[in-house]
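Written below as structure tokens is the structure these notes are about.
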């Protein structure tokens, strides 16, 4: 078997090219239920990465599946304790969320998938943690499940995931 080892991939002019350095990923398959009306960590949906160079970027892919008993669920991508992948910061009273969904108003819950891709610049070589936080405006919420007929029983949905890719720039 042949193998090629190189330290750098560069153009003929000697300019180093962007490349993938490492990949870290976590998938949550279990159900997480919550009643929090402020953002709370989803247990098991946290992933750390240690960049090899402070100039490198972290490409974040995430998807979560949520439901509630007829209320609004908000989802947020967080680096450390900072909400990232959020909209315009104007208006300090805005809730900082990556996505949200309303379930049906009759209590027969539906599910919402929130997913995104974000190129982050953490500017560090220290271990950096990315996680998903959720909140519900009232009532009960669930990650990876849909609530049935407002009776607090849950049916599993697709898993939720975070994948981190360090990109040398």
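What to note about this one:
- Taking each residue as 0.36 nm, the span from residue 155 to residue 138 lengthens on full extension beyond its C-alpha to C-alpha distance by 4.1 nm.
- Net length available on complete extension from residue 35 to residue 12 is 2.5 nm, with 0.36 nm assigned per residue and the Cα-Cα distance removed.
- In plain terms, the residue of 20, 164 with the fewest other Cβ atoms within 10 Å comes first and the most crowded comes last, giving 20, 164.
- Protection proxy ranking, peptides 57-63, 73-79, 23-29, average beta carbon neighbours within 10 Å, highest first: 73-79, 57-63, 23-29
- Short-range pairs are left out: with C-alpha atoms under 8 Å and at least six residues apart, the relative contact order of the range 1-93 is 14 percent.
- Peptides 66-72, 42-48 ordered by packing proxy, namely the average of other Cβ atoms within 10 Å per residue, highest first: 66-72, 42-48.
- The residues 1, 113, when put in order of fewest to most other Cβ atoms within 10 Å, stand as 1, 113.
- With a simple spin-label model that places each label point 7 Å from the Cα along the Cα-to-Cβ direction, the separation between residue 61 and residue 46 comes to 2.4 nm.
Where a number appears in this text, it was derived from the coordinates with a stated rule and is not lab data. All values derive from a computational prediction rather than experimental measurement. FYI the Cβ positions are ideal-geometry reconstructions off the backbone, even for glycines, and counts take in every protein chain you see.
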